[in-house]
Amino acid sequence: MNLTELNRVATAMVAPGKGILAADESSGTIKKRFDAIGVESTEANRRDYREMLFRSREAMSQYISGVILYDETIWQNAADGTPLVKLIEQSGAIPGIKVDEGTQGLPMCPGELVTVGLDKLAERLRKYYERGARFAKWRAVIDIGSGIPSMTAISVNAHALARYAALCQAAQIVPIVEPEVLMDGDHDIDRCHEVTSRVLNKTFQELRVQRVALEGMVLKPNMAISGKKCARQASVEEVAEKTIRLLKACVPAAVPGIAFLSGGQSDEEATAHLNAMHKLGPLPWGLTFSYGRALQAAPQKAWSGRPENVTAGQNAFSHRARMNGLASRGEWQSSLEKKAA
């Protein structure tokens, strides 16, 4: 393991003013997104859509540090035969790959899930590295509900995350460690804060046990935020303050950076929260975004599967990337959204 190189890649992934595009939706998830805009989810359409994003010169070169790909996408070529991985590299961004294989029910823990995919992961990572991937992603899912999460669910998912991270570093790939506490449910922000604290503490305990070098990883957590069904939605300022307090208590300064997931927030909410956190600096680690839906909802709608809409889709993507790039420096203002509209 070359830790200097891992640290260089991890640091580049959280460079000021840039963030990570999560374009790693499974075939099932992207079908739902395409259904919403009336586009058939064929392999060709999925490739055309992602090619449109990766050829968005302004967004990719100025505001995107890396792209998380799905297994199908990393092997695809653009319409002109150029590997999609090469398009990402040519823009100056780093190609990455989602390596978990989804979730399954956790035995003896009703309503809880464990992420799977560790079998043969070492072999898959070697092939992904040869294809050009320099970082990977593994998502653990923790739900908040009546009597959950159990310590069992937190422990098993933290253990799997740490095993995945160790395998990545052995393959010279930077692991994005993603323990996501879902914002579904009616819990308040304090309950989210408490559960996320338990999840992060257990995750870092397991990372140490598995001898993962913290300098060669990126954390992708949820924000401390109210559940979607909670009667009282926390303000932007409260989300920022409680999230930063949580991270300072749980995340060692050795970690180069934290790239938030949007987790079901609207485009503008995800941007506003990130921006407000930067106003609470200085911070011990780089702080940026690793958004999927919050970067892609607008370009998907603008594109709608029509070749003549490619420019409109790219413009929408560039706008959202720029807004989040500004937020990752604490320089975003809501008036910039209105001005663009």
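The values are calculated or read from the model by the stated rules, or taken from the named source; none is laboratory data. From a predicted model like this one, the values you see are computed outputs, not experimental measurements. Cβ: placed from backbone, ideal geometry, glycine included. Neighbour counts: every protein chain shown. With ligands, DNA and RNA removed, areas are computed over all heavy atoms of the protein, side chains included. Shrake-Rupley method; radii C 1.70, N 1.55, O 1.52, S 1.80 Å.
Applying the criteria of a DSSP loop state and at most 14 other Cβ atoms within 10 Å to the GluC sites (Glu not before Pro) of the range 17-67 yields E40.
Taking every DSSP beta bridge with both residues inside the chain, roughly what % is antiparallel (nearest 5)?
On the way: 5 of 35 bridges.
Given both bridge residues lie in the chain, the antiparallel proportion sits at roughly 15 percent.
Based on the Kirkwood approach, the hydrodynamic radius assigned to the chain is 20.0 Å, with every pair of different Cα atoms included. Relative contact order of the range 221-341: 25 percent, from C-alpha pairs under 8 Å at least 6 residues apart in sequence. For the range 216-337, rounded, prolate or oblate, judged on the Cα gyration tensor with a ≥ b ≥ c (square roots of eigenvalues), a/c < 1.5 rounded, else prolate if a/b > b/c? Prolate is the answer for the range 216-337, as a/c is 1.5 or above and a/b outweighs b/c. Report summary: the helix-based calculation at 222 nm, which adds -39500 (n - 2.57) for every DSSP H run with n ≥ 4 and divides by the residues of the chain, gives -15000 deg cm²/dmol. Placing unit charges on each Cβ (+1 for Lys and Arg, -1 for Asp and Glu) gives the chain a dipole about its Cα centre, and among L113, A298, A133 the Cα reaching farthest toward its positive end belongs to A133. Legend: residue pairs K18/K120; K98/K127; K220/K242; K18/K220; K86/K220; K86/K137, Cα-Cα distance threshold 22 Å; pairs beyond threshold, K18/K120; K86/K220. Defining a contact as two alpha carbons under 8 Å apart and six or more residues distant in sequence, what relative contact order in percent does the range 10-98 show? Computed value for the range 10-98: 35 percent relative contact order.
Using only alpha carbon positions, build the gyration tensor of the range 228-277, then give the equivalent ellipsoid semi-axes as the square roots of 5 times its eigenvalues, largest first, whole angstrom. List each step's numbers first, then the result.
Working: eigenvalues 90, 33, 20 Å².
Sorted largest first and rounded, they come to 21, 13, 10 Å.
Phi angles across the range 81-95 convert, under the Karplus curve 6.51 cos²θ - 1.76 cosθ + 1.60 with θ = phi - 60°, into 3J(HN,Hα) values of x, 6, x, 4, 4, 5, 4, 5, 4, 5, 7, x, 8, 9, x Hz, Gly and Pro given as x. Backbone N atoms of the range 296-320 closer than 17 Å to the 7 Å Cα→Cβ label point of E58 belong to residues 296, 298-300, 302-303, 309-320. Please list the non-local residues whose amide H lies under 5 Å from the amide H of L287, H modeled 1.01 Å from N, same-chain partners needing a gap of 5 or more. Sorted by chain and number, the residues that satisfy this are I258. Note on the range 163-204 and the range 240-311: Cα centroid distance 15 Å, given to the nearest whole angstrom. Using C-alpha pairs under 8 Å with a sequence gap of at least 6, the mean separation divided by the residue count of the chain gives a relative contact order of 20 percent. Ligands, DNA and RNA are left out, and with a 1.4 angstrom probe the accessible area of the chain is 41 Å² per residue. When only the Cβ of Lys, Arg, Asp and Glu is charged (+1, +1, -1, -1), the dipole of the range 214-311 relative to its Cα centre reaches about 280 debye.
Just in the range 40-89: which chymotrypsin sites (Phe, Trp or Tyr not before Pro) are loop by DSSP and have at most 14 other Cβ atoms within 10 Å? The partial results should precede the final answer.
Working: sites: Y49, F54, Y63, Y70, W75; in loops: Y63, Y70, W75.
Listed in order of number, the matching sites are W75.
Counting charges near V236 (Lys, Arg +1; Asp, Glu -1) among other residues having Cβ under 12 Å from its Cβ returns a value of -3.
Kirkwood hydrodynamic radius computed over the range 1-146 comes to 16.7 Å, based on all pairs of distinct alpha carbons. Sparse packing (at most 14 other Cβ atoms within 10 Å of the Cβ) combined with a DSSP loop state is found for the following GluC sites (Glu not before Pro) in the range 271-341: E331.
Taking the Cβ of V195 as the centre, find all other residues whose Cβ is under 12 Å away and add up their charges (Lys, Arg: +1; Asp, Glu: -1).
Values: positive: R191, R198, K202; negative: D143, E180, D188, D190, E194.
Local charge sum for V195: -2.
Each Lys and Arg adds +1 at its Cβ and each Asp and Glu adds -1 at its Cβ; summed about the Cα centre, the range 1-59 shows a dipole of about 120 debye.
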